[in-house]
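Visitor: One structure follows; several queries about it will come next.
Rule-based calculations on the coordinates, nothing more; no lab input. The shown structure was predicted, so the numbers you read here are calculated from the model rather than taken from an experiment. Quick reminder, even Gly has a Cβ in these numbers, built from the backbone with ideal geometry, and neighbours come from all protein chains shown.
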Amino acid sequence: MTEDLIRPARPEDAPGVVALRTVVHPYLVRGVESTRRMIAQPPPGEDWAAWVAEADGQVVGWVSAYRNSATSAANVGEVSTLHVHPAHRLRGLGTALLEAALDHLRLLGAKRLLTWSQPESLPFARRHGFTPSRELRYSALDLRPAPPMPEPPPGVRLLSAAEVDPRRIHQVDAEASRDEPGDVPTDALGYDTWHHEVWENVGLDKGASTLAEVDGTLAAVSLVKRDGDRMWSDFTGTVPQHRGRGLARLAKQAALHRAATSGVRTAYTSNDEANGPMLAINARLGYQPVGSQWSCVRDLT
């Protein structure tokens with residue numbers, strides 16, 4: 001008989017967590033070592049915690065919860081990537097994982113909660129008090145053959161992240177992301193948190209990640225996180241004063257080219273339904289829809 005257990009995640013769970021994610025969310029890219037580090041060394045300042053559901057010694061469910069540090073809105077918590085293996089659903093594991101996350105967020109004083117749900121899981125989200133809000137669209141691009149390396153216009157240079165001071169990359173990342181659509185205002189991560197979550201992420205491909213520099217000023221960025229022959233476009237954007245010049249597409253195409261020539265075969269990305277400019281860029285680059293999720297919100301009492 002199968003015995004189910006909900007317990008805090010441990011670093012040694014990383015292979016099982018990645019295997020589970022590959023089944024439920026095949027378009028999400030985070031490798032074993034990156035997952036191991038996330039569990040062992042959580043992001044600073046977010047009070048991050050995670051739990052797994054275990055059945056017969058196998059990881060069959062996962063959830064993490066933390067204080068949302070990327071918004072100026074007060075007391076916002078996030079329930080992240082709650083999922084259960086299809087063969088182990090309808091046994092209460094999802095509810096038990098959610099309760100563990102909610103208990104943690106109550107201790108943090110969270111009053112407003114954010115989470116994400118696949119379309120087929122929206123009834124579960126509604127039963128637990130969440131209201132669907134925004135659609136997030138996932139897309140994939142086959143990198144065989146590799147996209148051509150774009151030719152930058154006069155005055156523009158394409159630099160790999162490996163060539164650039166991370167503090168300069170953080171600055172352009174912060175400025176470009178301030179007006180991203182979402183359920184709460186988006187604020188820049190502080191440098192220490194960004195350095196831990198982004199720059200020190202073992203999956204960050206600094207050789208493929210690309211910056212567009214205009215007359216000596218960084219204007220656009222496209223960051224690549226990689227696991228084997230799959231990649232995730234972690235963030236692509238342009239600082240407001242340089243928009244409308246095609247720099248985000250230039251940086252992203254260069255990043256895709258560099259990733260492809262180093263062995264990446266499939267690229268994944270996501271965009272809010274309201275982010276028309278990036279949806280248009282991805283369509284021009286050849287991305288095809290592969291899935292969606294809905295942001296969901298609720299108050300925590």
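Visitor: Which residues' amide hydrogens lie under 5 Å from the amide hydrogen of R265, considering only partners 5 or more residues apart or on another chain, with H built in the peptide plane?
Guide: Result for R265 returns R230.
Visitor: Then there's this: When the helix-only estimate is applied to the chain (DSSP H runs of n ≥ 4, each -39,500 (n - 2.57), divided by the residue count), what is the mean residue ellipticity at 222 nm, nearest 500 deg cm²/dmol? Each step should come with its number before you reach the end.
Guide: On the way: 8 runs with 82 residues, N = 301.
It comes out at -8000 deg cm²/dmol, rounded to the nearest 500.
Visitor: Please determine, in degrees from 0 to 90 and to the nearest 10, the orientation of helix 166-177 with respect to the longest principal axis defined by the Cα atoms of the chain, where the helix direction is its Cα long axis.
Guide: 80
Visitor: So, one more: Loop-only GluC sites (Glu not before Pro) in the range 141-200, please: DSSP not H, G, I, E or B, and at most 12 other Cβ atoms within 10 Å. Before the final figure, lay out the partial values.
Guide: Details: sites: E163, E175, E197, E200; in loops: E200.
Those that pass, being in a loop and sparsely packed, are E200.
Visitor: If the cut-off is 16 Å between C-alpha atoms, which aspartates and glutamates fall inside it for K206, apart from same-chain ones fewer than 8 positions away?
Guide: E163, D165, D173, E197, D227, D229, D234
Visitor: With a cap of 16 neighbouring Cβ atoms within 10 Å, and only residues DSSP puts in a loop, list the chymotrypsin sites (Phe, Trp or Tyr not before Pro) found in the range 62-167. List each step's numbers first, then the result.
Guide: On the way: sites: W62, Y66, W116, F124, F130, Y138; in loops: F130.
When the chymotrypsin sites (Phe, Trp or Tyr not before Pro) of the range 62-167 are filtered for loop state and at most 16 Cβ neighbours within 10 Å, nothing remains.
Visitor: Right, another one. Around N68, which amide H atoms from residues at least 5 apart in sequence, or from another chain, sit under 5 Å from its own amide H, with H modelled in the peptide plane?
Guide: V76, G77, E78
Visitor: Using each residue's phi in the range 146-159, evaluate 6.51 cos²θ - 1.76 cosθ + 1.60 at θ = phi - 60° and report the 3J(HN,Hα) Karplus result to the nearest Hz, with x for Gly and Pro.
Guide: Rounded to whole hertz, the list is 5, x, x, 5, x, 9, x, x, x, x, 10, 10, 9, 10.
Visitor: Stokes-Einstein diffusion coefficient for the range 140-291 at 37 °C in a medium of 0.692 mPa s, Rh from the Kirkwood formula over Cα pairs: what value in µm²/s?
Guide: Working: Rh = 15.4 Å.
Taking Rh from Cα pairs, D becomes 213 µm²/s.
Visitor: Counting only Cα atoms, I'd like the Rg/Rh figure for the chain, Kirkwood definition for Rh. Could you put the intermediate results ahead of the total?
Guide: Details: Rg = 19.3 Å, Rh = 20.0 Å.
On the Cα set of the chain, Rg over Rh gives 0.97.
Visitor: Let me spell out the model: positive unit charges on the Cβ of Lys and Arg, negative unit charges on the Cβ of Asp and Glu, origin at the Cα centre of the range 4-110. What dipole size does that give, in debye rounded to 20? All intermediate terms of the calculation are to be shown ahead of the outcome.
Guide: On the way: 10 positive and 11 negative charges, 34 e Å.
Dipole size: approximately 160 debye.
Visitor: Same structure again: Which shape class applies to the range 1-52: rounded if a/c is under 1.5, otherwise prolate when a/b exceeds b/c and oblate if not, where a ≥ b ≥ c are the square roots of the Cα gyration tensor eigenvalues?
Guide: Values: a/c = 2.00, a/b = 1.19, b/c = 1.68.
It comes out oblate by the Cα gyration axes.
Visitor: Could I ask something else about it? Only Cα pairs under 8 Å and at least 6 apart count here; give the relative contact order of the chain as a rounded whole percent.
Guide: Numbers: 606 pairs, mean separation 68.3, N = 301.
For the chain, the relative contact order is 23 percent.
Visitor: Please report the spacing between the Cα centers of the range 66-106 and the range 187-214 in Å, no decimals.
Guide: Using only Cα atoms to place each centre, the spacing works out to 26 Å.
Visitor: Here's another thing I want to ask about it. Name the residue from S295, P145, S69 whose Cα lies farthest towards the positive end of the charge dipole of the chain, charges +1 on Cβ of Lys and Arg and -1 on Cβ of Asp and Glu.
Guide: So the residue furthest toward the plus end is P145.
Visitor: Would you work out if the range 174-237 is rounded, prolate or oblate? Take a ≥ b ≥ c from the square roots of the eigenvalues of the alpha-carbon gyration tensor; rounded if a/c is under 1.5, else prolate when a/b is larger than b/c, oblate otherwise. Don't skip to the end; give the middle numbers.
Guide: On the way: a/c = 1.61, a/b = 1.19, b/c = 1.36.
The shape class here is oblate.
Visitor: Only Lys, Arg, Asp and Glu count, each charged at its Cβ (+1, +1, -1, -1), so figure out the dipole size of the chain about its Cα centre, rounded to 20 debye. List each step's numbers first, then the result.
Guide: Numbers: 33 positive and 36 negative charges, 110 e Å.
Approximately 520 debye in magnitude.
Visitor: Still on this structure: Quick one: among A280, A208, A110, which has the greatest mean-square fluctuation in a GNM of the chain with alpha-carbon springs under 10 angstrom?
Guide: Residue with maximal mean-square fluctuation among A280, A208, A110: A280.
Visitor: Quick one: dipole size for the range 199-243, taken about the Cα centre, charges +1 on Lys/Arg Cβ and -1 on Asp/Glu Cβ, in debye to the nearest 20.
Guide: Working: 5 positive and 7 negative charges, 22 e Å.
Magnitude of the dipole: close to 100 debye.
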